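What follows is a short report on a single structure.
The values are calculated or read from the model by the stated rules, or taken from the named source; none is laboratory data. From a predicted model like this one, the values you see are computed outputs, not experimental measurements. Please note: Cβ atoms are built from the backbone with ideal geometry, for glycine as well, and neighbour counts cover all protein chains shown.
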Amino acid sequence: EGPAATVTIRADEPGPQVHPDVFGQFMEHLGTGIYGGVWVGEDSPIPNDSGYRSDVLQALRDIKVPMVRWPGGCFADEYHWRDGIGAPENRPVKINTNWGGVNEDNSFGTHEFMGFAERLGARTYVSANIGSGTPAETSQWVEYMTAPADTTVLAKEREENGRREPWTVDYLGIGNELWGCGGNMRAEYAADVTNRFITFAKPGTGEMLKIASGPSDANYDWTEAMMKISGPHIDGLALHFYTRPRDEKWEDKGPALGFPESEWASTLDHTQQMDEYITRHSAIMDRYDPEKRVMLAVDEWGTWYDAAPGTNPGFLQQQNSLRDAMVAALNINIFTKHAERVKMAAIAQMVNVLQAMLLTDGPRMVKTPTYHVFDLYQPWQGADSLPVELDSPVYRMDDISIPAVSVSAVRGADGAFHVALVNVDPNAAHPVGLRLEGVDAARVTGRILTASQMDAHNTFDNPGTVAPEPFGGAKISGGAISVTLPPKSIVVLQLR
Ligand code: AHR
């Protein structure tokens, strides 16, 4: 057993709400993220509801996916929405130039995406084509989706295509990575283009928040220019940050499985950069938007490893292990800390791509360790964040030193208090002494996610290797809670 951590939670001083959309998901036309993973078509032998895989729908409903972002990603700035409406047999086949050069038959388009979000009960985030499209194309797409029934020509065309009532577009992405695959623009130019497109994107129904293409990692100049030029026009600025075990070279990110402890440590060290990036981008935003009206939307985050051996490298397929569960939990703890500014996020990506919730292979499906983290943190959705003070021992590996313990806490809609504790140390258990200030909790229950190997993962043949289990190791006495976190574990406690 290693040294102890102490945690104080100000249960009597609730902070800002953790917006449910922080648990959003990203789905792109990329590999089998949509085709095969979500959409199999009505005639498929795979059990489906109007073309959507039944197993995937059910699994995603079970973790209450609050919001889905679509159609990209890099794909979005080459996507023309008219290709994806009307009779499927008449939709044009194109090449997906970003992801593997494969045929894109457009059988999953606007109606299919909206139908999917409706089946999940999720809010919608549609990313418009800014890089290679026109303001008119975007404004017409918005009109097609949101104009009230029986009004415009586009509303009638929507009805002819099977949908009378308008949909709600909760978020409109004004391009994606405009500094890169979205058009290789300079920040000032991108900001002007953003303002131009926003001027003409007017929803016919519902509120539609506009999310500007934001920085990646530490590109603070981008945030500065965007906030200066577009700040008054936008509702959110995106932030993208991918966690990699080896962050020196994109061509060599490191494998998803079979890694040494040094790469466990470097991954969990790298992912905590998220805290610094959010802090520093927020500080720039504070200068232009002290009321915090504009959200920071972390709409692409998660791990990115070398593609799984034997797969198309353009499909970004990777296994998902206990290490990914740690990354997910650490990031959610960071988002909770920054709840005032981070009001939406989307992990990349929902099914079969990068740090996925679910993996599929033909008719088979498996839940990843990351899925189980989203399950454990369900009480965080819409809960009040609570201030926490943490004094943690350090986990050291080679030249890396990181806090062994990470924590976040919320007061849930159910009135209960929920505390997530992460022990990233793969070698030592750490006792935690925890105080919940201002509240007399009498009962504690818990769940734990852990496994014996650092790269433990679930496969189609062994789907239950990493799965949450009941945890009875927390004790309350005289207002103090004591708990020992096993090595490499995530423990979520409920206190009443
Ligand atoms: O998620 C994969 C890709 O990563 C997205 O398409 C792009 O926005 C980012 O570079």
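Which residue pairs have Cβ atoms under 8 Å apart, sit 6 or more places apart or on different chains, and have a first residue in the range 213-225 that is farther than 11 Å from Leu178 by Cβ and a second that is of a type in the set (Ser, Thr, Tyr)?
Qualifying pairs under 8 Å: Asp217/Tyr277; Ala218/Tyr277.
Take the range 165-177 and flag every residue that is under 24 Å from the mean Cα position of the chain (by Cα) and either in a loop (DSSP other than H, G, I, E, B) or not assigned by TED's automatic domain parsing to the domain that holds Ala346 (or both).
Trp167, Thr168, Val169, Asp170, Gly175, Asn176, Glu177, listed by residue number.
Being on the phi < 0 side of the Ramachandran plot, part of a loop (DSSP other than H, G, I, E, B) and buried (at least 18 other Cβ atoms within 10 Å of the Cβ) is true for just one of Gly214, Gly180. Which residue is that?
The unique qualifying residue is Gly214.
Quick check on this structure: which one of Ala441, Ala467, Ala409 is touching a Leu at 6+ places or on another chain (Cβ under 8 Å), surrounded by fewer than 21 Cβ atoms within 10 Å (Cβ to Cβ) and within 26 Å of His270 (Cα to Cα)?
Every option except Ala467 fails the conditions.
If you take the residues of the range 168-195 that are out of contact with any Phe, Trp or Tyr (no Cβ under 7 Å at 6 or more places or on another chain) and of a type in the set (Asp, Glu), which of them is nearest to the ligand (Cβ to nearest atom)?
Taking the candidates together, the pick is Glu177.
Does Gly236 satisfy the condition of being within 16 Å of the ligand (Cβ to nearest atom), farther than 26 Å from Trp99 by Cα and not β-branched (Val, Ile, Thr)?
yes
How many of the residues making up the range 1-21 are out of contact with any Pro (no Cβ under 8 Å at 6 or more places or on another chain) and under 28 Å from Gly236 (Cα atoms)? Walk me through how you get there before you give the answer.
Applying the first criterion (out of contact with any Pro (no Cβ under 8 Å at 6 or more places or on another chain)) to the range 1-21 yields 6-8, 11-12, 14, 16-19.
So of that shortlist, the ones also under 28 Å from Gly236 (Cα atoms) come out as 14, 16-19.
The qualifying residues number 5.
How many residues, within the range 230-252, are under 20 Å from the mean Cα position of the chain (by Cα), assigned to a loop (DSSP other than H, G, I, E, B) and surrounded by fewer than 24 Cβ atoms within 10 Å (Cβ to Cβ)?
2
Given the options Tyr52, Tyr79, Tyr144, name the one that is hydroxyl-bearing (Ser, Thr, Tyr) and within 16 Å of the ligand (Cβ to nearest atom).
Tyr79
Would you confirm whether any residue within the range 188-201 is outside any helix (DSSP H, G or I) and either at positive phi or in the same structural domain as Val294 (by TED's automatic domain parsing) (or both)?
Yes, the conditions are met somewhere in the range 188-201.
Tell me whether the range 126-145 contains one or more residues that are assigned by TED's automatic domain parsing to the domain that holds Asn48, within 17 Å of Met344 (Cα to Cα) and touching a Lys or Arg at 6+ places or on another chain (Cβ under 9 Å). Write out each step before concluding.
Taking the range 126-145 and keeping what is assigned by TED's automatic domain parsing to the domain that holds Asn48, we get 126-145.
Next, only the ones that are within 17 Å of Met344 (Cα to Cα) stay: 126-127.
Next, from what is left, pick out any that are touching a Lys or Arg at 6+ places or on another chain (Cβ under 9 Å): 126-127.
Yes.
What number goes with the only condition from (1) without any contact (Cβ under 8 Å) to a residue 24 or more places away in the chain; (2) part of a loop (DSSP other than H, G, I, E, B); (3) within 30 Å of Gly382 (Cβ to Cβ) that Lys64 does not pass?
(1)
Residues to consider are Gly15, Gly31; find the one that is over 16 Å from His111 (Cα atoms) and away from the ligand (no atom under 16 Å from the Cβ).
Gly15
Of the conditions (1) outside any helix (DSSP H, G or I); (2) in contact with a helix residue (DSSP H, G or I) (Cβ under 8 Å, 6 or more places away or on another chain); (3) closer than 30 Å to Ala328 by Cβ, Met227 fails just one. Which one is it?
All conditions pass for Met227, except number (1).
Considering each of Gly131, Gly206 in turn, give the residue that is within 16 Å of the ligand (Cβ to nearest atom) and in contact (Cβ under 8 Å) with a residue 12 or more places away in the chain.
Gly131
Residues checked against (1) at negative phi; (2) assigned by TED's automatic domain parsing to the domain that holds Gly109:
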| site | (1), (2) |
| --- | --- |
| Pro14 | yes, no |
| Met27 | yes, yes |
| Ile34 | yes, yes |
| Val38 | yes, yes |
| Asp43 | yes, yes |
| Asp55 | yes, yes |
| Lys64 | no, yes |
| Met67 | yes, yes |
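Could you tell me whether the range 146-168 includes any residue that is buried (at least 21 other Cβ atoms within 10 Å of the Cβ) and within 21 Å of Gly73 (Cα to Cα)?
Taking every residue of the range 146-168 in turn, none turns out to be buried (at least 21 other Cβ atoms within 10 Å of the Cβ) and within 21 Å of Gly73 (Cα to Cα).
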